[in-house]
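This report refers to the structure that appears directly beneath it.
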Amino acid sequence: MSVPSHDDILALLDQLRDHTADDLESFHLDFKLSHGPKEDLKVASEYAVCFANAGGGVVVFGVADKIKGRAQAIVGTQGHDVDMFKRGIYDGTRPGIEAEVFALPVPEGTGTLLVVRVPEGPRKPYGTAAGLYKQRVGKHCMPMDGTVFQRAQVASAALDWSGEPAQGLALTDLDPLQIERARQVLRSKAPSSGLLGLSDTEFLQGLEAVRDGRVTHTGLLLFGRREVLARCCPQAQFHYVLHDSETTVARNDIDRLPLLEAVERMEQVFVGPLNPEKEIELGLFKMRIPQYPIEGVREAVLNALTHRDYLHPGEILVRHSAQELVVTSPGGFVAGITPENILRHEAVPRNRTLANALVKLRLVESSGIGRKRIFRSALIYGKRRPQYQTDGHAVTLRLFNRQTHDAVAQVVARLDAVGAEVSLDHLLVLDALMGQSFIDVAEVAQVLQLPRDDAKLVLEAMCTPPLNLLERKGHTSAATFHLAKGVATTLKGKAAYTRTRGLNPVRYAELVREYLKDHQRINNTQLRELLGLGDSPSAKVEASRLFKKWSQEDGFLHKQMEKGKPFYTLR
């Protein structure tokens, strides 16, 4: 059962005729008698914390939970100010919880119940202002024990596990070869770094691998000997699987490696024959396109190693096939990051000390640029847009080799040769247009994860020199954008531009006539499929425009309605 909706609550209240409220309570629902606004606010804050630390839930005040019979169980509430109650919950919780609070009219008791709906919190763990931490377990709110509390803090980045001392570790548990490996990495990227002139002990302190003479978890992950890693951090497991078909495995490596060695191992895989390249002609030159660009692979692996939840028992899993590369990292996104905003959200490292050490070694950026590099490294070669997914317990990144459009790489290379910079935003728009004929501002805003005004500026820049990638159709807010003539010809073939510019309305009508001779009726979805318009909002508008034109008095279609939705037949 999910968090009860308004209608769900009304239906549950009806069940009080034959059940007690206690029978109806669940992981997402609790009933409480009202003891006055002040006492109820204290209880509401505790339950807000309890539900926010779990999967969200609802508290209904004004119902006795041990009495059967609706008229007897519903007592009601009085004297509650909804706005003050909502502010009181926010002020009484840490971090502040924004609960939905509303009065629910009922015929019984005082005539009003108070409903508090709490979403699952993105910044767990939550506590009351008095320092009480609870979470929902079954039908009860139970205090968080120390282990659960620590895991919740690490999962939400409230606690930097990577900066904590690694219990029982001494400097002798660190591998000098790994320390030298780190020096070589830094020397290759920043030979003038002041860290290179330090002794090993000072070098480790500079990276915060050692603090106050104690080895941190960052020191363990970067420099721990293998047997020490296996003993002290068995969950720091790296698993690489190479598939030579859908059902067979050619290579299956499971290791507990210091982080820099794990990254180096992956780089060795993807600069070798397991990551073949193909050549495409580019004028007098040739361009080499790898299955998976090494820059994107490196960033994907570094992100997984840096931002995983190291208290989670799972492993980092890399599945490699000729079709796609899938990197799965234990722990969900933190601090409001989602697949829908990942390109724009500021970086929030779960393991800040580890992330800082990798920044100092020049392996990652502190500004979240790595995510954009992953996208750009794929799109610049005409590969599909990378895809992030999460179930709250793990983050999965998919890099695709199938459905590659080599012509995109040719267009980008030609523009680059004349000094016209093609940005990640431009590449994202081109990627979207490879699967449809035109696009509008609203859809581009979603694709770019930007406000509409910013998305419009990107489109306008693509319509003007030196890019000249797009053309605009229409001058209102409903205007659409499509590939410019030369670009459309290169990317989609000679006929693409003609179809997109709308020089085929007569043929469109002919197609619809033929379709109706076979199927008698047609609707918006079927028309878009027939004409290859796609499923975007602007495509739906275009299909509606065509229907309106063809169903006028001199048109060939007759508009009819069925269950409130239009369909069309031949006159």
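Couple of notes before you dig in:
- Estimated FRET transfer efficiency when R0 is 22 angstrom, pair A495-M434 (beta carbons, to 0.05): 0.90
- Whether the range 1-80 is rounded, prolate or oblate, judged on the alpha carbon gyration tensor where a/c under 1.5 counts as rounded: oblate
- Linear extension gain, S5 paired with D554, 0.36 nm per residue minus alpha-carbon span: 192.7 nm
- Net lengthening on full extension, A461/A103 (0.36 nm per residue, minus Cα-Cα): 123.8 nm
- Shape category assigned to the range 240-288 from the gyration tensor of Cα positions, a/c cut at 1.5: oblate
- Distance in nm between pseudo-label sites at T247 and K66 (7 Å out along the Cβ direction from Cα): 6.1 nm
- For the range 140-228, the normalised intensity computed at q = 0.12, 0.23 Å⁻¹ comes to -0.46, -1.10 (log10 of I(q)/I(0), Debye sum over alpha carbons, equal scatterers, no solvent).
- Here the convex hull built on the C-alpha positions of the range 406-500 has a volume of 89 cubic angstrom per residue.
- With a simple spin-label model that places each label point 7 Å from the Cα along the Cα-to-Cβ direction, the separation between R231 and E514 comes to 7.6 nm.
- Exposure proxy ranking, count of Cβ atoms within 10 Å, fewest first, for T525, T480: T525, T480
- Residue pairs, from the table K517/K559; K492/K517; K32/K86; K286/K485; K32/K68; K124/K360, whose Cα atoms sit over 19 Å apart: K492/K517; K286/K485; K124/K360
- Across the range 380-395, rounded Karplus estimates of 3J(HN,Hα) from the backbone phi angles (6.51 cos²θ - 1.76 cosθ + 1.60, θ = phi - 60°) give 5, 9, x, 7, 4, 4, x, 10, 9, 9, 8, 10, x, 10, 7, 10 Hz, Gly and Pro being marked x.
- Sites Q389 and I280 - FRET efficiency at Förster radius 25 Å, r taken between beta-carbons, to 0.05: 0.25
- The candidate values were (1) 229; (2) 154; (3) 146; the one computed from these coordinates for volume of the Cα convex hull per residue in Å³ carries the label (1).
Just so you know, all these numbers are worked out from the coordinates, no wet-lab data involved. This one's a predicted model, so the numbers in the text were calculated from it and none came from an experiment. Please note: Cβ atoms are built from the backbone with ideal geometry, for glycine as well, and neighbour counts cover all protein chains shown.
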